[in-house]
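Read through the structure below, which is laid out as structure tokens, and then see the notes.
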Amino acid sequence: MKVNGGKFKVRSICVGAGLISLLAVSLSVAIFFGSENLTFFEMTETQRAILYDVRIPRVLLGACVGASLALAGASLQALLRNPLAEPYLLGVSNGAALGTMLAFVFFESFEFSRPVLAIVGAALATFAVYQMARSRAGMNVERLILSGVIVTTFLSSIIILMTSLLDATKLRSFTFWLLGDLSQATKGGFYLSLIAVVVGGVILASQARALNLMMIGERDAFDFGVEIGKTRMIVFSVASGLVGISVAASGSVGFVGLIVPHLVRLAAGSDNRNVLPFSALFGASFVVIADTFARTVIAPRELPVGAITALIGCPLFIYLLKKN
Amino acid sequence: MIVIILITVVSCKNEIGNVDHSVAFREVTDDLNRTVKLPGKVTKAVSLAPNLTEIIFAVGGGGKLVGVTTFCNYPVAATKIQKIGDTLKPNIETIIALKPDVVFVSTASQLESFTETIEKQGIAVFVTNPSSLKGIYESAKKVGEVFGQETRSEKLIKDMNSRVGEVEKKTKNLEKIKTFVQIDKSLFTIGTESFLTDLIEKAGGISITRNVETAYPKISKEKALALNPDAIILSDSVDNDEPNPVFENSNAVRNKRVYKINADILSRPGPRIVNALEQIARSLHPEKFD
């Protein structure tokens, strides 16, 4: 696999630079626009509070969530050699959502219980899907996707059961949250997501070479000295952690892990040493832009950002699917 | 041949059954301007909404209720009536088994299929969905008619009206206090179409979200921060017992002007809305209500 030839290097530097600029522009636009118009040069006390306590934490959280979901999607796709492997489709997001809901119902006063149970939920869902998909013949790709569908459906029905048992007003904020909603952003949530995405990103990047080899085939990877079991364990754990923390902060924002790595591969090829960092950058921009729409389209009311990502992501995905 | 005979027999039976009832039938009009056929004397009724249950009890029809929703917790007598599910998911089989003369419905959701099924069983469906003080009066009047309790309903309306008048008289010339009503901690509030917007005004306040579209919109934190209310009213329930943290530095929180009003009283367009009005007015203008 000669992905590092001169032509490719120039191309990946260009794509990388483009994505960094895109993120900078997205962040600036997102901070500039909101349901309130701010006079940036002479701000009142209230405007300063809006900017620093509400808008900026939310924009930055959106960036971290986008980067986390895109990283989780990109690494799972490489590991499972399946472009459809996505946290949302594999039931990992739903596992995290169920964990968050359980934390909300049973440990409401402990705020940290939400990310913790979300990670546990995501990890259990990943484990369940993986166990179901494994057969004597090894890891079967079709079985994996089917297992994901089964786990997703099962968890969805438990979530529906739980929302039915909660009372009416609680239910409404939950339906909002389940669709992916950044409006509950806090500084604490942002710091946690930032740590997660940095640590997770570094760990996944360290597995990029192994993932490259595994994409050719597990057997070949083994011959090249890749510890397959270890890589698999690391990717599953890190992806679960990233998805868990994102979902606990903002619900299940769908399609990011699917659409972002896909477009990145189209632009920069499928070397995971590029795909992983580029996906993180582009995922961050994607969610930040989508949330800017969610915040401003019907201001002062809001849309859940997950509805926007799905609205953009779904048709784009169908187009890509048909084109290839 | 046998089938035809059977059908004829069955349909005859049905007709005979209907004729028996329709002797004393009368017609009333509900909120959707539908003509509803009722027996001369309603002996059994089902209510599918807590505010309608309260109205029915207030006009003296409570004794005729044989089915209510799981939300119907007032008056206490309502809690002892058989439950038929909740407002959004009533159990049609249970309702049919109770054989009521009329079912009171407030929501328009799934109304068509529900109405069709229920009316096929010879049970009348009466729709009334008050969404303003005036609407509550009209609803009380109509419900009174259904139960033949016109005197009771007239008295109820007169009482409510005079209590509202008392409050309005006291708050008329006072400064309107900028009020935020927090329905839910995630910033669901009251908008243009909510009856509470009008109620706040009658109580001597002004809802700072009165221009936001729909009845119960969710507003952004940015907007909430910018609005800076002078008073906050919490629709009090387990998960809505304090203002959203975004109000930390608002005038309302700084001056300790946060008031809790029981969510059931505040959210149900029924007779107790006058209690809500009095409580809001007393909270906003304590000096006038000692």
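The values are calculated or read from the model by the stated rules, or taken from the named source; none is laboratory data. Model, not experiment: these values are computed from the prediction. Quick reminder, even Gly has a Cβ in these numbers, built from the backbone with ideal geometry, and neighbours come from all protein chains shown.
Which condition does B:Val212 not pass, out of (1) farther than 30 Å from A:Ile31 by Cα; (2) over 19 Å from the mean Cα position of the chain (by Cα), if it passes all the others?
Unmet for B:Val212, out of (1) farther than 30 Å from A:Ile31 by Cα; (2) over 19 Å from the mean Cα position of the chain (by Cα): (1).
Within the range B:175-190, can you find the residues that are touching a residue at least 40 places away in the same chain (Cβ under 8 Å) and touching a helix residue (DSSP H, G or I) at 6+ places or on another chain (Cβ under 7 Å)? Walk me through it before giving the result.
Taking the range B:175-190 as the starting set, the residues that turn out to be touching a residue at least 40 places away in the same chain (Cβ under 8 Å) are B:177-187.
Hits for the range B:175-190 are B:Ile177, B:Thr179, B:Phe180, B:Val181, B:Ile183, B:Asp184, B:Ser186, B:Leu187.
Identify, please: which residue in the range A:25-64 is of a type in the set (Gly, Ala, Ser) and in a helix (DSSP H, G or I) and is, among those, surrounded by the fewest Cβ atoms within 10 Å (Cβ to Cβ)?
Pass one, the range A:25-64, residues of a type in the set (Gly, Ala, Ser): A:26, A:28, A:30, A:34-35, A:49, A:62-63.
If we keep only those that are in a helix (DSSP H, G or I) too, we end up with A:26, A:28, A:30, A:49, A:62-63.
Numbers: A:Ser26: 24, A:Ser28: 12, A:Ala30: 26, A:Ala49: 19, A:Gly62: 32, A:Ala63: 27.
Going through the qualifying residues, I end up with A:Ser28.
Among what's in the range B:234-249 and is in a strand (DSSP E or B) and of a type outside the set (D, E, K, R), pick the residue that is farthest from the other protein chains (Cβ to nearest Cβ).
First, the residues of the range B:234-249 that are in a strand (DSSP E or B): B:234-236.
Next, from what is left, pick out any that are of a type outside the set (D, E, K, R): B:234-235.
Values: B:Leu234: 12, B:Ser235: 8 Å.
Only one residue tops the list, namely B:Leu234.
Which strands (runs of 3 or more DSSP E) sit wholly inside the range B:24-70 and have at least 2 residues that are touching a Phe, Trp or Tyr at 6+ places or on another chain (Cβ under 9 Å) and modelled with pLDDT of 90 or more?
B:35-38, B:45-47
Scan the range A:41-61 residue by residue and report those that are more than 14 Å from chain B (Cβ to nearest Cβ) and in contact with a helix residue (DSSP H, G or I) (Cβ under 9 Å, 6 or more places away or on another chain). Steps first, answer last, please.
Taking the range A:41-61 first, the residues more than 14 Å from chain B (Cβ to nearest Cβ) are A:41-42, A:60.
A:Leu60, the sole residue that qualifies.
I need every pair where a residue in the range B:217-233 that is within 7 Å of another protein chain (Cβ to nearest Cβ) and in contact (Cβ under 8 Å) with a residue 12 or more places away in the chain has its Cβ under 7 Å from the Cβ of a residue that is assigned to a strand (DSSP E or B) and surrounded by fewer than 23 Cβ atoms within 10 Å (Cβ to Cβ), sequence separation at least 6 or different chains.
Short answer, once both residue conditions are applied: B:Pro217/A:Arg301; B:Lys218/A:Arg301; B:Lys218/B:Phe188; B:Ile219/A:Arg301.
Where the second residue is of a type in the set (Phe, Trp, Tyr) and at pLDDT below 90 and the first is over 24 Å from A:Val149 (Cα atoms) and lies in the range A:95-116, which pairs have Cβ atoms under 6 Å and are six or more apart or on separate chains?
Here the result reads A:Ser113/A:Phe107, each pair linking the range A:95-116 to a residue that is of a type in the set (Phe, Trp, Tyr) and at pLDDT below 90.
Working only within the range A:269-304, note down all residues that are within 14 Å of chain B (Cβ to nearest Cβ) and part of a helix (DSSP H, G or I).
Of all residues in the range A:269-304, those within 14 Å of chain B (Cβ to nearest Cβ) come to A:291-304.
Within the range A:269-304, A:Asp291, A:Thr292, A:Phe293, A:Ala294, A:Arg295, A:Thr296 meet the criteria.
Of everything in the range A:302-318, what is of a type in the set (Val, Ile, Thr) and in contact (Cβ under 8 Å) with a residue 12 or more places away in the chain? Give them in sequence order. Spell out the reasoning first.
Keep residues of the range A:302-318 that are of a type in the set (Val, Ile, Thr), which gives A:305, A:308-309, A:312, A:318.
Answer for the range A:302-318, where residues must be of a type in the set (Val, Ile, Thr) and in contact (Cβ under 8 Å) with a residue 12 or more places away in the chain: A:Val305, A:Ile308, A:Thr309, A:Ile312.
Evaluate the following for A:Ala118: is it crowded, with 18+ Cβ neighbours inside 10 Å, modelled with pLDDT under 90, of a type in the set (A, V, I, L, M) and under 22 Å from the mean Cα position of the chain (by Cα)? Give the derivation first.
Details: crowded, with 18+ Cβ neighbours inside 10 Å: yes; modelled with pLDDT under 90: no; of a type in the set (A, V, I, L, M): yes; under 22 Å from the mean Cα position of the chain (by Cα): yes.
Criteria not met by A:Ala118.
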